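The values are calculated or read from the model by the stated rules, or taken from the named source; none is laboratory data. Note that the structure is predicted; figures quoted are calculated from it, not measured. A quick note on method: Cβ atoms are made from the backbone with ideal geometry, for glycine too, and the neighbour counts reach across all protein chains shown. These area figures cover heavy atoms from the full protein model, side chains too; ligands, DNA and RNA do not enter into them. Shrake-Rupley method; radii C 1.70, N 1.55, O 1.52, S 1.80 Å.
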Amino acid sequence: MKKTLGIFCHGGGFRASYISGFLKCVEDNGIEIDSLVGVSAGFYTIFSHLAGVNDREQWTRNLDSPMYTSWSKFNLFREFVEFHTPKIVKKSPFTKEEILDRMKKCTAITTRFWGWDHDVLGDFQSIEEIKEVTLATGSIPWFLRSFPHKFRGQRYIDGGFRIKNVFDYLETDIRVVIVPTSIDGDLSDPGYTGSGRFMYVNDYPDRLRTFVSGEPEDYMLLWDKGYKDAIKFVEDLRKID
């Protein structure tokens, strides 16, 4: 019986280009992903990837890229998401209905503004809902000047806050966590890996860890790093019975 594969994509601003390269490599090798879970920029990158808008060169173009324009140029997180979402849809080789169908395998993690509990959101009914859940899972009021975002009756902030045991958000046989920046604490605990569990953390220098800005070559370096790490993952994955 085929083992199911799930991938958790953590947030990290523009560094999500690392995630983009990783997902592209998995796709290029004909490996089916059964479940995708995203936080903040990780969720938005999943959306772009499933919409068919994911190639290395695109990350070097300004207005046509879903993540290239520096976040620091957008004083409000909402402006960033509202600016790029229609561009992704327009560039996509799929219809809106096909994009929504492809997004059925994807969920977003959000943090409740009151109580700090985490919710898993899915079953998106429209592109507008995808845009709204992006705002919910990526809102950082004291940094991106975005208010806690209301979605389906709850106020949310960035899904990465206080999140633990990220592998538990996947219910697949093989579980992969992609973190586009170097981290400490629970996520990097060696006890999480093994037994069909993989973690990939970008370990590039400090200048490539910046959250809201970057030069075109930085995006490409991160994308290439993600693609290269995924090549190793594909090799390891094929060794699993």
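Annotation: amide H-H contacts under 5 Å for Cys106 (H modelled 1.01 Å from N, sequence separation of 5 or more, or interchain): Leu36.
Near the amide H of Gly11, within less than 5 Å, lie the amide hydrogens of Val39, Gly42, all on another chain or at least 5 residues away, with H placed in the peptide plane.
Annotation: per residue accessible area for segment 88-132 equals 58 Å², rounded to a whole number [probe 1.4 Å, protein chains only]. Packing order of peptides 155-161, 84-90, 39-45, highest average first: 39-45, 155-161, 84-90 (average count of other Cβ atoms within 10 Å over each peptide's residues).
Any number yet on Rg/Rh for segment 100-182, C-alpha, Kirkwood? Can you show the working numbers first?
Working: Rg = 13.2 Å, Rh = 13.6 Å.
That ratio is 0.97, to two decimals.
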